[in-house]
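Asks: Sending over a structure as C-alpha cells; questions will come in a sec.
The values are calculated or read from the model by the stated rules, or taken from the named source; none is laboratory data. Remember, predicted model here, so these are calculated numbers, not experimental data. Cβ placement follows ideal geometry from the backbone for every residue including glycine, while neighbour counts extend to all protein chains displayed. Only protein heavy atoms, including side chains, enter the accessible area calculation; ligands, DNA and RNA are left aside. Shrake-Rupley method; radii C 1.70, N 1.55, O 1.52, S 1.80 Å.
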Amino acid sequence: MAGYTELARSLAEEIAAGGIGEGDRLPALRPLASARGASQATALRAYRELAAAGVITTEERRVGKVAPGGALAAARYLRGGGTFRLAGSDDPALLLLVGEAPAEVDLASTDGSAAGLAALQRGDADGAVLHLWHAGGAYNAPYARAVVDDARLVRLWNREAGLAVAPHNPRRVRRAADLAGLRVARRPVGTGARSLLDRVTGDVGIVLDASDPEVPRNLDVALAVASGSADAGVTARAVAERLGLGFVPLQWEPVDVAVGGAALSGLEPLLKALRRAEVRRRIEALGGYDLAEAGRADRC
C-alpha cells in the first residue's frame, strides 16, 4: 500500500509536469485512494502535505484544486524546497539573467556544458545549461536524453561563438585553417567552446600544439589573447568585445537548459525574467545574442 509521501510526490510530479493544470479539480479521497492503492487516511494526509506546500488548495467538504502557481510550488516541493539549481555553461548573459531571479534560481556552477550534465545526472543540479554539438549532427538533445528521464530542452538564446584575436587582427585570421602554427588558448574538454574548436580544426586537418594554454573560463580565453599569451581562442562574441578584441565568427549555437519534465516548472521564474523587455535589451546589448527562440520548450 502506498505511503502518503509516495502519493504526495506522485501527485506533485503530475502537477509540476502540467498533467494536472492550475485550477483543475483533484479526485475525491475515495477514488484517489482506490486508484493509487492507498487508504483514504493516506490520501487525506497526502493532500494535507501538498496543501501545506502551496501546491493545492482544499476546503472542508469540497474537492481540492491545484493552487495558483501550483506547478512551481510542486517543483519546489519535489526538490525539498530551496532554489532551482542551474549548472553548466560559462555564459555572461546567464549571469545577468540569474541575477534577475536570485531568490528562486541559483547558478551552482559554470564549469562547462558537460559538467552541468554530470551535475544534473548526479542530482546536484535541477537543470543543465549547455551548447554541445553531437556527432549525429544535432545540438544538445542527444546529451539531455542520455542523462535525465522525460528530458526537455528549454531555449535561452542562440549565441555567436568565434575566434577572439588581437585588435586589428595582426595574424590575419579569417577562418579555422588560419590557426595553423598559432598559439591557441582553449577551454577544457567537455566545454562547448572546446567542442567547437576541436571540430573546426579537425575539419581542416589542424592539430594544435599541446603546449598551447588551457584555461577554465571564456573570459580567460579572451584574457590570454589580450595579454599576448595566445594568438586566438574560441569564445563568445560578447566576451571578446568586452575586452576590445577582434572577433572572427564561426557558429551560432543554441544555448538550452536540459531539465526533466517534473522539474520544468522550476524554470518559470527565469523565463519570466527573460520575457521582460528590459532584460532582453540588456542581454542583446552584450553582443552576439539572438533571443527570437527564447523560452521555447521541446521534448527530446
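Asks: Using a 1.4 Å probe over the heavy atoms of the protein chains, calculate the carbon and sulfur portion of the accessible area of the stretch 3-52 as a whole percent.
Replies: On the stretch 3-52, the fraction of accessible area on carbon and sulfur atoms equals 47 percent.
Asks: Would you work out the charge dipole size for the stretch 17-173 about its Cα centre, treating the Cβ of every Lys and Arg as +1 and the Cβ of every Asp and Glu as -1, and quote it to the nearest 20 debye?
Replies: 440
Asks: Heavy atoms only, probe 1.4 angstrom, no DNA, RNA or ligands counted: give me Asp298, Asp90 ranked by accessible area, highest first.
Replies: Asp298, Asp90
Asks: With point charges of +1 on the Cβ of Lys and Arg and -1 on the Cβ of Asp and Glu, referenced to the Cα centre of the chain, which listed residue (Pro68, Tyr289, Gly192) lies farthest in the positive direction of the dipole?
Replies: With unit charges placed on the Cβ atoms, the residue in question is Pro68.
Asks: If you don't mind, there's one more thing I want to ask. How do the peptides 257-268, 167-178 rank, highest first, by the average count of neighbouring beta carbon atoms within 10 Å per residue?
Replies: Going by the mean number of other Cβ atoms within 10 Å, highest first, we get 257-268, 167-178.
Asks: So, with +1 on the Cβ of K and R and -1 on the Cβ of D and E, and no other charges, what is the size of the charge dipole of the stretch 38-88 about its Cα centre, to the nearest 20 debye?
Replies: It works out to roughly 80 debye.
Asks: Dipole of the chain (Lys/Arg Cβ +1, Asp/Glu Cβ -1, origin at the Cα centre): which of Gly3, Leu182, Gly162 lies farthest to the positive side?
Replies: The residue sitting farthest along the positive end of the dipole is Gly3.
Asks: Still on this model: Let me have the relative contact order for the chain, percent, based on Cα pairs under 8 Å that are six or more residues apart.
Replies: 22
Asks: Next question. Only helical DSSP H runs with n ≥ 4 go in: add -39500 (n - 2.57) per run for the chain, normalise by residue count and round the 222 nm mean residue ellipticity to 500 deg cm²/dmol.
Replies: Computed ellipticity for the chain at 222 nm equals -10500 deg cm²/dmol.
Asks: Would you look at the GNM of the chain, springs on alpha carbons closer than 10 Å, and say which of Leu197, Leu130, Leu26 moves the most?
Replies: In the Gaussian network model the winner is Leu26.
Asks: Oh, and also: Roughly how many debye, to the nearest 20, is the charge dipole of the chain about its Cα centre, given +1 on each Lys and Arg Cβ, -1 on each Asp and Glu Cβ, and no other charges?
Replies: With only Lys, Arg, Asp and Glu charged at Cβ, the dipole is about 500 debye.
Asks: I'd like the distance separating the alpha-carbon centroids of the stretch 22-57 and the stretch 109-184, in whole Å.
Replies: First find each Cα centre; the distance between them is then 43 Å.
Asks: Considering only the chain, what is the antiparallel percent among its DSSP beta bridges, to the nearest 5?
Replies: 75
Asks: Here's a follow-up. Putting +1 on Lys and Arg Cβ atoms and -1 on Asp and Glu Cβ atoms, find which of Ala103, Gly21, Gly244 reaches farthest to the positive end of the dipole of the chain.
Replies: Gly21
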